[in-house]
Amino acid sequence: AEAVAAASRATAGGGAARVAQAKELASKPVNVVTKPTVSGDVKDVVETRLTGFTVHALVLASLGFAPVLAEVPLAVVWGVFLFLGFKVMAGNQFLGRVGSLFIDTGMLNPTSETERAVVELGRKRVLRYTAVQ
């Protein structure tokens with residue numbers, strides 16, 4: 001309660017409204033609140049305290065399925081994690097920049113965020129930034 005009061009005092013203007021909204025969201029019994037856009041895509045996800053508890057409870061509950069999961073072949077498990085790894089890497093900006101460094105400058109797509117950086121800033125600058133990163 002003191003932290004919320006201190007946060008509301010420290011913020012000016014619309015800060016008190018944000019604190020009130022956070023208190024309201026924290027008291028809701030759901031673990032994820034979404035705001036769908038007109039096209040139906042989810043714009044924001046707000047996690048409450050219940051989210052972490054639910055994740056840990058589900059991990060604990062999965063221990064009961066250990067004998068069943070032991071029957072799944074190891075190659076299937078490796079395949080699932082390989083698939084998930086490739087899906088996560090597809091949206092990674094760092095890996096996109098690394099890949100765009102190996103594409104010929106004439107073939108770069110200026111509408112792509114990662115390839116546009118090479119077109120606008122030059123290959124040498126992007127290479128230095130990526131190497132430092």
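Worth a mention:
- Among the residues of region 93-108, the ones that are part of a loop (DSSP other than H, G, I, E, B) and either in contact (Cβ under 8 Å) with a residue 60 or more places away in the chain or open to solvent by 70 Å² or more (accessible area, probe 1.4 Å) (or both) come to 2 in all.
- Residue check for A66: open to solvent by less than 100 Å² (accessible area, probe 1.4 Å), at pLDDT below 90 and out of contact with any Gly (no Cβ under 8 Å at 6 or more places or on another chain): yes
- Among (1) open to solvent by 100 Å² or more (accessible area, probe 1.4 Å); (2) within 27 Å of V59 (Cα to Cα); (3) part of a helix (DSSP H, G or I) - the single one K124 does not satisfy: (2)
Residues are listed down the side, and each one gets a yes or a no for (1) open to solvent by less than 60 Å² (accessible area, probe 1.4 Å); (2) in contact with a Leu (Cβ under 8 Å, 6 or more places away or on another chain); (3) under 30 Å from V132 (Cα atoms):
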position	(1), (2), (3)
E47	no, no, no
T54	yes, no, no
L60	no, no, no
V88	no, no, yes
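- Evaluation of T111 against (1) in a helix (DSSP H, G or I); (2) within 26 Å of the chain's Cα centre (by Cα); (3) of a type outside the set (K, R) (one fails), failing number: (1)
- Residue that is charged (D, E, K, R), at pLDDT 85 or above and within 23 Å of the chain's Cα centre (by Cα), where the choices are K87, K35: K87
The values are calculated or read from the model by the stated rules, or taken from the named source; none is laboratory data. Owing to the predicted nature of the structure, the values given are computational and were not obtained by experimental measurement. Note that each Cβ is placed from the backbone with ideal geometry, even for glycine, and that neighbours are counted across all protein chains shown. When the accessible area is computed, the model is the full protein with side chains, heavy atoms only, and any ligands, DNA or RNA have been set aside. Shrake-Rupley method; radii C 1.70, N 1.55, O 1.52, S 1.80 Å.
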